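Only the coordinates and a few stated rules stand behind these numbers; no lab work does. None of these values were measured; they are calculated from a predicted model. Cβ coordinates were reconstructed from backbone atoms using ideal geometry, including for glycine residues, and neighbour counts include every protein chain displayed.
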Amino acid sequence: MNIPFINLKASGEIRDEIKEAVARVIDSGIYILGEEVEAFEHQFAAYCDSSECVGVGNGLEALSLTLRAWGIGPGDEVIVPAHTFIATALAVTAVGAQPVLVDVEEDTGLLDVDLVEAAISGRTRAVIPVHLYGQPVDMDRLLGVAEKNGLRVLEDAAQAHGARYKGRRVGSLGHAAAFSFYPTKNLGALGDGGAVTVGDGQTAKAIRQLGNYGSYEKYTHQVMGFNSRLDPIQAAVLNAKLPHLDRWNAHRRDLAHRYLNGLSGLPGIVMPALRAEAEPVWHVFAVRIRDGRRAEIQKALTARGIGTNLHYPRAVHQQPCYLGSETRLRAGLLPNAEKWAAEALSLPLHPHLGLEDIDCVVVALREVLA
Ligand SMILES: *Cc1c(COP(=O)(O)O)cnc(C)c1O
């Protein structure tokens, strides 16, 4: 059996469309910004039910440039979940602000909105809900808390392109949303890429300026800027892929439901919980393996040719870069984040697998767990 965790080459399904798109950029002679980037920004904003989209260099900078555009920096605090990819917290550190970690829900691994209010101080300026594994955070409740306390809400939608919450797309739910087009994401480029979707034109303009050396006008630099732009070759690839995204996400959902049906009730394994009001896009299918057996189960699956991954083996406060740095992180007790870090195991799930592949993984898991 050979079921790899991910197979990016399989996007060969639209190989010709991608090659044509790249060739179009090569022939255009325009290798920074230009029409391909504008077309993608336009289409992706519409896809996300948002009015504006600004392409940037990657997902980390989509987060950090938005915080900067809002004037968040030294002396400010930003609330982030303790269980996420490290970039969520790094973006806060990058602008000189303090990440304040909040625990996640035991059953979904998503930011526990009930704990947010207690983490707010006089310095708190924003909160970054992460739609982890492709499932939206309970945004209406979070927006209620944010509004009451005058906080901005920046969605980290890097794993959730196309997901919906109460019928609305992620990317249109908070005050702004950060996306990554890292190759493994649901919408992935052939290299790095990122974008911010945002409803207000002023923030969009500020992000565009910050990512372009702090200038709107060539050789006039109003603010200290950065170089963080979406590459036109990557934009062309994304323009070719975007029309297929809903179909790929629907297939991911079918595969996820195959796992849920095949594995539920099995002792020793905990299925991810699903929210009634959410339509997740299953960036990864992460189960939890109980009783300290994760390493053993992962090894047994590897021996059977089944690729798995850990998202993520350490919570933010357990990362070496943040260890012992109370001045750089503020965190209370984070038992659920630590549980996810110790027990999460991601099973193969990507658009180029078939239902029969999922059945093979289910059979293998039943055997190795027994
Ligand atoms: C991938 C990811 C990022 C960072 O995106 P890059 O494009 O790799 O910088 C941020 N947050 C989350 C939750 C991610 O999964």
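What the table shows:
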item	result
Label point distance in nm, Ser215-Ala370, each placed 7 Å from Cα along Cα→Cβ	6.9 nm
Cα centroid separation - region 184-227 against region 316-370, whole Å	32 Å
Length added when fully stretched, Thr302-Ile26, from 0.36 nm per residue minus Cα-Cα	95.2 nm
Long-range amide H partners of Glu155 with built H, under 5 Å	Gly174, His175, Ala176, Ala177, Ala178
Beta bridges per DSSP with both ends in the chain, % antiparallel, nearest 5	60 percent
Region 46-203 - share of DSSP beta bridges that are antiparallel (%, nearest 5)	50 percent
Diffusion constant of region 128-196 at 10 °C, which comes from Stokes-Einstein with the Kirkwood Cα-pair radius and 1.306 mPa s, µm²/s	130 µm²/s
Relative contact order %, the chain, counting alpha carbon pairs below 8 Å whose residues are six or more apart	23 percent
Size of electric dipole in the chain: Cβ of Lys, Arg +1 and of Asp, Glu -1, about Cα centre, debye, nearest 20	440 debye
Cα-derived Rg to Rh of the chain, Kirkwood definition	0.97
Spin-label pair Gln318/Ser264, simplified geometry with 7 Å Cα→Cβ offset, distance in nm	2.8 nm
Spatially near lysine pairs across the chain, Cα under 16 Å, sequence gap of 8 or more or different chains	6
For region 231-257 and region 77-98, distance of Cα centres in Å	27 Å
Simple Cβ-charge dipole of region 121-183, Lys/Arg +1 and Asp/Glu -1, about Cα centre, in debye nearest 20	140 debye
Calculated FRET efficiency for the pair Asn227/Asp254, C-beta based, R₀ 41 Å, to 0.05	0.50
Per-pair calculated FRET efficiency, R0 = 25 Å: Gln43 and His352 via Cβ, rounded to 0.05	0.60
Sites Lys166 and Gln202 - FRET efficiency at Förster radius 30 Å, r taken between beta-carbons, to 0.05	0.65
Mean separation of Cα contacts under 8 Å, 6 or more apart, over the residue count of region 283-350: relative contact order %	58 percent
Antiparallel bridge percentage (DSSP; both residues within region 115-206; nearest 5)	55 percent
Net lengthening on full extension, Arg123/Arg293 (0.36 nm per residue, minus Cα-Cα)	57.0 nm
